[in-house]
1. Here are Gly49, Gly41: which of them is of a type outside the set (Lys, Arg) and at positive phi?
2. Take the residues in segment 63-79 that are assigned to a helix (DSSP H, G or I) and in contact (Cβ under 8 Å) with a residue 24 or more places away in the chain; name whichever of them is nearest to Thr142 (Cα to Cα).
3. Answer yes or no as to whether Phe148 is touching a residue at least 24 places away in the same chain (Cβ under 8 Å), among the hydrophobic types (A, V, I, L, M, F, W, C) and within 30 Å of Arg95 (Cβ to Cβ).
4. Name every residue in segment 332-346 that is part of a helix (DSSP H, G or I) and either hydrophobic (A, V, I, L, M, F, W, C) or in contact with a helix residue (DSSP H, G or I) (Cβ under 7 Å, 6 or more places away or on another chain) (or both), in order of residue number.
5. Given (1) out of contact with any helix residue (DSSP H, G or I) (no Cβ under 8 Å at 6 or more places or on another chain); (2) within 16 Å of Val319 (Cβ to Cβ), identify the lone condition not met by Ser410.
6. Yes or no: Val298 under 30 Å from Tyr163 (Cβ atoms) and either under 15 Å from the mean Cα position of the chain (by Cα) or surrounded by fewer than 23 Cβ atoms within 10 Å (Cβ to Cβ) (or both)?
7. Among the candidates Glu405, Glu418, Glu414, which residue alone is touching a residue at least 60 places away in the same chain (Cβ under 8 Å), acidic (Asp, Glu) and over 25 Å from Ala506 (Cα atoms)?
Amino acid sequence: MSQGPGKAKRGIPSKEENFNEWYPFIVEAAELVDKRYPIKGMDVWRPYGWKTMKLIDALTHREMERTDHEEVNFPLLIPENLLDRENALVARLKRAREEGVDPDDLRDEEEEGGFKKEVYWVKHAGENELDIPMFLRPTSETAMYTMFPLWIRSHKDLPLKVYQMVNTFRYETKQTRSFIRVREIHFFEAHTAHADEADATRQIEQDLEIVDTIMHDLCLPVIKAKRPLWDTFPGAWYTIGIDAVMPNGRTLQVASCHHYQDQWAKAFDLTYENLDAQQQHCHQTTYGMSERLLGAVVGMHGDENGLIMPPAVAPFQVVVCPMIKKNSEVDTVAAAEELAAKLRRHGLRVKVDSRDIRAGQKYYDWEIKGVPLRLDLGPRDLAQGTAYAARRTGGKEPIPLDGIEEACLSILEEISEELRRRSHAHMNDVVQPLPPINLNDDTYVLEGEVKDGHIYELPFDGTDAHAETIERLTGFAFLGDSTDEYESERPCHMSGTPTRRRVLLAKTY
């Protein structure tokens with residue numbers, strides 16, 4: 001692994017040359033989590049990481065309140081019979097999809113179609129065996145939809161829009177990776193019930209607008225793609241996945257929206273009395289996100305020197321470093337505290353680093369943690385009425401102490417814009433057109449090279465067999481139909497049929 005002299009001293013792997021080593025090193029070196037807890041895939045959140053996650057949560061809380069969702073908190077344990085009910089529903093919907101029939105024409109069967117193989121079981125209370133085993137929630141459809149019929153009776157009770165932020169548990173068998181693939185997941189889930197399909201569809205549209213707002217604050221461009229039928233959750237009519245693009249070109253699903261139509265309502269007897277005094281099933285949606293958002297922030301914005309925190313979610317947006325010199329007549333620490341208080345009054349999150357250590361060590365500590373803006377304050381700076389500002393995205397300059405609050409706010413917005421510019425440039429570089437595929441002597445041939453580190457787009461209106469051929473030839477998986485179609489029709493990559501569908505291929509986490 002190649003490193004510059006400074007990196008070798010610090011021991012930071014090269015992000016550009018070995019992202020798979022850089023990522024786990026940085027999440028621990030920046031004190032986001034500690035992975036030494038004695039259960040694999042269950043990391044301990046350290047204060048800096050937890051504060052970052054709570055700030056991300058605050059963005060979500062803000063959007064939920066703005067869109068009239070109400071927060072709830074459901075129990076962690078769910079009885080086994082509810083999981084059986086979910087499994088039966090999911091298995092029936094999956095079978096109906098495979099056979100191309102109406103799910104209502106099929107009966108529930110004993111088949112593991114949901115989370116049964118992934119859950120953690122609780123079968124004893126002390127020394128007593130439980131009559132009905134329980135499990136730790138992998139998500140909350142079954143728990144919530146057991147209660148919804150008790151809350152919804154009339155059209156006046158609709159729409160019902162609730163959300164919660166909780167930990168969920170899934171027995172992940174693949175290699176774990178902090179924030180990206182864990183067994184205890186910090187999870188946001190919104191569940192809604194509506195009078196009809198059209199109102200539920202409007203909710204999905206609102207969810208995607210919420211995604212745009214949150215990702216803007218996180219400075220993350222994302223791909224929103226309607227998953228192909230074979231990758232749609234069997235309990236959903238359709239699924240829209242929201243994927244961030246990591247530095248190595250792989251996509252990371254950070255959120256998803258499901259439109260359920262009325263299938264779950266039928267399984268859980270969720271009805272309401274409409275305006276004609278008739279009972280009618282609700283239509284439902286879910287919208288979920290997880291700590292993968294933080295994984296995407298780490299991966300997208302970090303560099304060879306550590307994290308770069310988007311100002312909106314940086315635990316400390318500004319760190320003030322007083323230059324401490326022995327026998328100095330100037331109390332730089334007191335001046336730094338006064339400056340910090342002034343900035344806090346303007347709503348900024350500020351840390352004063354008054355440790356009596358070398359300035360270079362302070363700089364390294366805050367650089368690896370990704371604090372957006374550092375203000376150095378020494379006797380000479382105070383004499384000149386300035387602070388020396390160092391941006392984590394690069395660039396240093398003295399700024400006047402008079403009016404420094406507005407200057408800091410302006411610099412932080414410039415840092416956010418720079419992170420957006422960089423991440424969008426990466427996205428534009430990664431997404432490439434798929435080389436042509438031609439049929440030669442009854443054999444499909446890829447006329448060009450596909451490379452790791454890229455996402456490929458293509459106009460596609462072909463068959464499932466065509467899709468399988470593309471996946472086999474490229475080694476990439478169908479991510480789905482981008483919600484951003486082509487502006488005009490193009491010939492399908494396989495059939496030649498004119499289409500505006502813009503389909504994406506990727507390698508995923």
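1. Details: Gly49 fails: at positive phi.
Result: Gly41 is the single residue among Gly49, Gly41 that is of a type outside the set (Lys, Arg) and at positive phi.
2. Going through segment 63-79, the residues assigned to a helix (DSSP H, G or I) turn out to be 63-66.
Then drop every residue that is not in contact (Cβ under 8 Å) with a residue 24 or more places away in the chain, which leaves 63-64.
Numbers: Glu63: 25, Met64: 22 Å.
Among them, the one singled out is Met64.
3. Values: touching a residue at least 24 places away in the same chain (Cβ under 8 Å): yes; among the hydrophobic types (A, V, I, L, M, F, W, C): yes; within 30 Å of Arg95 (Cβ to Cβ): yes.
Against the criterion (touching a residue at least 24 places away in the same chain (Cβ under 8 Å), among the hydrophobic types (A, V, I, L, M, F, W, C) and within 30 Å of Arg95 (Cβ to Cβ)), Phe148 qualifies.
4. The first filter runs over segment 332-346 and keeps only residues part of a helix (DSSP H, G or I), leaving 332-344.
Thr332, Val333, Ala334, Ala335, Ala336, Leu339, Ala340, Ala341, Lys342, Leu343 - these are the residues of segment 332-346 that are part of a helix (DSSP H, G or I) and either hydrophobic (A, V, I, L, M, F, W, C) or in contact with a helix residue (DSSP H, G or I) (Cβ under 7 Å, 6 or more places away or on another chain) (or both).
5. In the conditions (1) out of contact with any helix residue (DSSP H, G or I) (no Cβ under 8 Å at 6 or more places or on another chain); (2) within 16 Å of Val319 (Cβ to Cβ), Ser410 misses (2) alone.
6. Numbers: under 30 Å from Tyr163 (Cβ atoms): yes; either under 15 Å from the mean Cα position of the chain (by Cα) or surrounded by fewer than 23 Cβ atoms within 10 Å (Cβ to Cβ) (or both): yes.
Considered against the rule, which asks whether it is under 30 Å from Tyr163 (Cβ atoms) and either under 15 Å from the mean Cα position of the chain (by Cα) or surrounded by fewer than 23 Cβ atoms within 10 Å (Cβ to Cβ) (or both), Val298 comes out as yes.
7. Details: Glu418 fails: touching a residue at least 60 places away in the same chain (Cβ under 8 Å); Glu414 fails: touching a residue at least 60 places away in the same chain (Cβ under 8 Å).
Just one listed residue meets the conditions, Glu405.
So that you can scan it fast, the table gives a plain yes or no per residue for (1) surrounded by fewer than 19 Cβ atoms within 10 Å (Cβ to Cβ); (2) among the basic types (Lys, Arg); (3) touching a Leu at 6+ places or on another chain (Cβ under 8 Å); (4) without any contact (Cβ under 8 Å) to a residue 12 or more places away in the chain:
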| residue | (1), (2), (3), (4) |
| --- | --- |
| Pro459 | no, no, no, no |
| Glu471 | yes, no, yes, no |
| Gly475 | yes, no, no, no |
| Phe478 | no, no, yes, no |
| Arg500 | yes, yes, no, no |
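The values are calculated or read from the model by the stated rules, or taken from the named source; none is laboratory data. Computed from a predicted structure; not experimentally measured. For neighbour counting, all protein chains shown are included, and Cβ atoms are generated from backbone atoms with ideal geometry for every residue, glycine included.
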